[in-house]
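Scroll down for the structure; my scribbles are underneath it.
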Amino acid sequence: MTDSKKAPARPPLKAVRGTRDLLPDQTPLWNHVEATARRLFARYGFSEIRTPIFEATDLFARGVGQETDIVSKEMFTWEDRARAASEKAQTLTLRPENTAGVVRAYIEHQMANSGALQKLYYIGPQFRRERPQRGRYRQFWQIGAEVIGPPSSGSESPLRDAEVLEMLAGFLDELGVRGWRLELNSVGSSQDRVGYNEALRAALQPIRSRLCEDCQRRAETNPLRVLDCKVPEDQPWIDTLPRIADHISADSRAHLDAVCAALEACKVPYHLNPRLVRGLDYYTRTTFEFTVTAGLGAQNAILGGGRYDGLSEMLGGPRAPGIGFAIGEDRLILTLQAQHEEDAKASGAAPVRLLDAYIAPLTPAQNPAALALARELRAAGLRIEVGDGSFKLRKSFEIADSLARHIVLLGEDEAGSGMYTVKTFASGEQTKIPRAKLAESLRGSLEPRRKLRTIERL
Ligand code: HAM
């Protein structure tokens, strides 16, 4: 009896709930989105920053806010034991977002000393223990950026807000995202917030006992967070609460007006939404979200962001106002996939063939020569797959048709004469081509390269 027969049957392991594998048929689109972001952000003077995936828990408690859903319910946190006398035990957390980490790095590396505005972007996974559903995962990816600097660098200017928003509109347009909508608000300065919190507390007092347990606590500790409540029974009460738009100072109002004027100059459409407060405590003044219609259902916010003029100081750093955003990459991809499906249905799109050619050796004796030919063509920049001479010709044609634009047959005759039989699937045409012309022909002259959608060419 073999070992495998003796072993008790075990269920196969699966990816943890809320996490996903991105398989090879999906990664070209992810790479395309990321490459587009890198290219576009560079045009606006952004450079990449990579910060650790886990940080001290305190960073998020202080930065994002103890009473937010993210910190109070959703973080993956653990006690990290000291392994040597020189180490301290500490509480660590998988990053639920990356603004706090970037600002921590800004402070730690004294980036303020240059006096310059820092424009930093990042692409990476974030972790929140949320209830998984379409567009909501426990490990998800964000493409984010932060613009931060001392006030003398112009970091407080509404121009910076508008530039970030205009860049995002350009990014979504460049990717071909249809039907996006920019919602914009001001949550006022931290001074404005003092007055607003008072007004909220007063308005919450008489209705407090009717609200959910979390809201009852938040009414005391951080009334602004009552506005994030998702409990349906609380919503009619929440609708009666004062609106932040009525409590912002003339300065904050002027800042918002200036952002709007710059957006209008750039012809970026926006909608003011006085209820948009966003679920993180660090925001001041401008807050925004972009929503889309295709592919997401309830989770239709593909990105969010805003200003955080006091965050650096909250984390023990110098005064360094900033603004940034994070795109939910998973959601953006779902949107693009839904659009591609719509388009394919509308146009009856042909199958996607990613490779230039499939080389089919006709007998196993031709296998080494096939590999050598593939090596030569790949070195010439072509995308090539090699079959196996033990395959029946019909099977080779089937595989080739599903993968590549051409099949190249390699038998004894071809090896001897140096003339290769090439079939082009789109036209059905079959020709003999000398080896010296093969790379050039497969690249395009046999069949003008179909103008593939950008993602198919990656
Ligand atoms: P956020 O609104 O918490 O903001 O997240 C930004 C985006 O990440 C959301 O709009 C959504 O598309 C995506 N996202 C959030 N949670 C999930 C999830 N569980 N599954 C899939 N996608 C998700 C922030 O994270 C701030 N750090 C943004 C920022 C940067 N503000 C200033 N600078």
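Read-outs throughout are calculated quantities, based only on the coordinates presented, and are distinct from any laboratory measurement. Just so it is clear, the structure is predicted and the values come from calculations on it, not from any experiment. Cβ: placed from backbone, ideal geometry, glycine included. Neighbour counts: every protein chain shown.
Rg and Dmax, both from the Cα atoms of the stretch 249-313 and both in Å, are 13.5, 40. Compute the long axis of helix 329-347 from its Cα atoms, compare it with the longest principal axis of the Cα atoms of the chain, and write down the angle in degrees, 0 to 90, nearest 10. Taking the Cα atoms of the chain, the angle to 329-347 is about 50 degrees.
Here VAL71, VAL194 are placed in order of increasing Cβ neighbour count within 10 Å, fewest first, which gives VAL194, VAL71. Evaluated with a Cβ-only charge set (Lys, Arg +1; Asp, Glu -1), the chain carries a dipole of roughly 1160 debye about its Cα centre, given to the nearest 20.
Using a simple charge model, +1 on the beta-carbon of Lys and Arg, -1 on the beta-carbon of Asp and Glu, nothing else, what dipole does the stretch 1-99 show about its Cα centre, in debye to the nearest 20?
Details: 16 positive and 14 negative charges, 89 e Å.
Approximately 420 debye in magnitude.
Think of each Lys and Arg Cβ as +1 and each Asp and Glu Cβ as -1; about the Cα centre, that makes the dipole of the stretch 357-457 roughly 460 debye. Between PRO236, LEU175, SER249, the Cα set farthest toward the positive side of the dipole of the stretch 167-275 (charges on each charged residue's Cβ, about the Cα centre) is that of PRO236.
Annotation: peptides 230-236, 84-90, ranked by per-residue average of other Cβ atoms within 10 Å with the highest first, follow the order 230-236, 84-90. Provide the net charge surrounding ASP161, with neighbours chosen by a C-beta distance below 13 Å and charges set as Lys +1, Arg +1, Asp -1, Glu -1. Net of charged neighbours comes to -3.
Residues VAL177, VAL292, ranked from the fewest to the most other C-beta atoms within 10 Å, line up as VAL177, VAL292.
What does the charge count near GLN366 come to, summing +1 for each Lys or Arg and -1 for each Asp or Glu among other residues with Cβ under 9 Å from its Cβ?
Values: positive: none; negative: GLU412, GLU414.
So the surrounding residues net to -2.
Taking Cα atoms of the stretch 357-457, Rg/Rh with Kirkwood Rh, to two decimals? Spell out each step's value before the answer.
Working: Rg = 12.7 Å, Rh = 13.5 Å.
Dividing the radius of gyration by the Kirkwood radius yields 0.94.
Maximal additional length on extending the LYS432-THR36 stretch stands at 138.6 nm, based on 0.36 nm per residue less the C-alpha distance. What base-10 log of the normalised intensity I(q)/I(0) is obtained for the stretch 74-180 from the Debye formula, alpha carbons as equal point scatterers, at q = 0.10, 0.22, 0.24 Å⁻¹? Those come out to -0.46, -1.21, -1.25, one per q.
Divide, for the chain, the radius of gyration over alpha carbons by 2.2 N^0.38 Å, where N is the residue count. Spell out each step's value before the answer.
Values: Rg = 28.3 Å, N = 458, 2.2 N^0.38 = 22.6 Å.
Rg over 2.2 N^0.38 Å, computed on Cα atoms: 1.25.
Selection among LEU13, ILE148, TYR283 by position relative to the dipole of the chain gives LEU13 as farthest towards the positive end (Cβ unit charges, Cα centre). Computed from Cα positions, the angle between helix 250-265 and the longest principal axis of the chain comes to roughly 30 degrees.
Cβ crowding within 10 Å, taken as a proxy for footprinting-reagent exposure, orders ASP239, ASP388 from fewest neighbours to most as ASP239, ASP388. How far, in degrees from 0 to 90, does helix 367-379 lean away from the longest principal axis of the Cα atoms of the chain, to the nearest 10? Around 50 degrees separate the two axes.
Electrostatic bookkeeping for GLY101 treats Lys and Arg as +1 and Asp and Glu as -1; over the other residues with beta carbon under 15 Å from its beta carbon, the sum is -1. Between the stretch 100-168 and the stretch 360-422, the alpha-carbon centres lie 49 Å apart. Dividing the mean sequence gap of close Cα pairs (under 8 Å, 6+ apart) by how many residues the chain holds gives a relative contact order of 14 percent.
The packing ranking of peptides 127-133, 328-334, highest mean first, is 328-334, 127-133, where packing means the average number of other beta carbon atoms within 10 angstrom of each residue.
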